[in-house]
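To start, the structure under review is shown below, and the notes come after it.
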Amino acid sequence: MFDALGGGEVQATIINHLPGDSFVFVYGLLEGKDPSKPTTINPTNFLSGLTVSGFILSSWFVSLTEKEIR
């Protein structure tokens, strides 16, 4: 699942209903919630193979050289 919401109860509800061995890739913060605040993702989901990963564009962008940006 690709998630542009980036947190909050909507994301947690969706993740809690995914089948085992699911992969969630978070790439946005459209939910407008503080991403450092915990959500109610059921921890047993991780025992069934759930993987959550993400990408923060602003962190990547500031690591680029001027030549890479052009």
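Values computed for the structure shown
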quantity	calculated
Largest-first ellipsoid semi-axes for the chain, taking √(5λ) over the Cα gyration tensor eigenvalues, angstrom	28, 14, 9
MET1/ARG70 FRET efficiency (R0 25 Å; Cβ-Cβ; nearest 0.05)	0.15
Percent carbon-and-sulfur accessible area, the chain, ignoring ligands, DNA and RNA, probe 1.4 Å	62
Dipole axis of the chain (+1 Lys, Arg; -1 Asp, Glu on Cβ), positive-most option in GLY8, TRP60, SER48	TRP60
Relative contact order %, the chain, counting alpha carbon pairs below 8 Å whose residues are six or more apart	36
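The values are calculated or read from the model by the stated rules, or taken from the named source; none is laboratory data. Remember, predicted model here, so these are calculated numbers, not experimental data. Please note: Cβ atoms are built from the backbone with ideal geometry, for glycine as well, and neighbour counts cover all protein chains shown. For the accessible areas, the whole protein counts, side chains as well, though only heavy atoms, and no ligand, DNA or RNA atoms are used. Shrake-Rupley method; radii C 1.70, N 1.55, O 1.52, S 1.80 Å.
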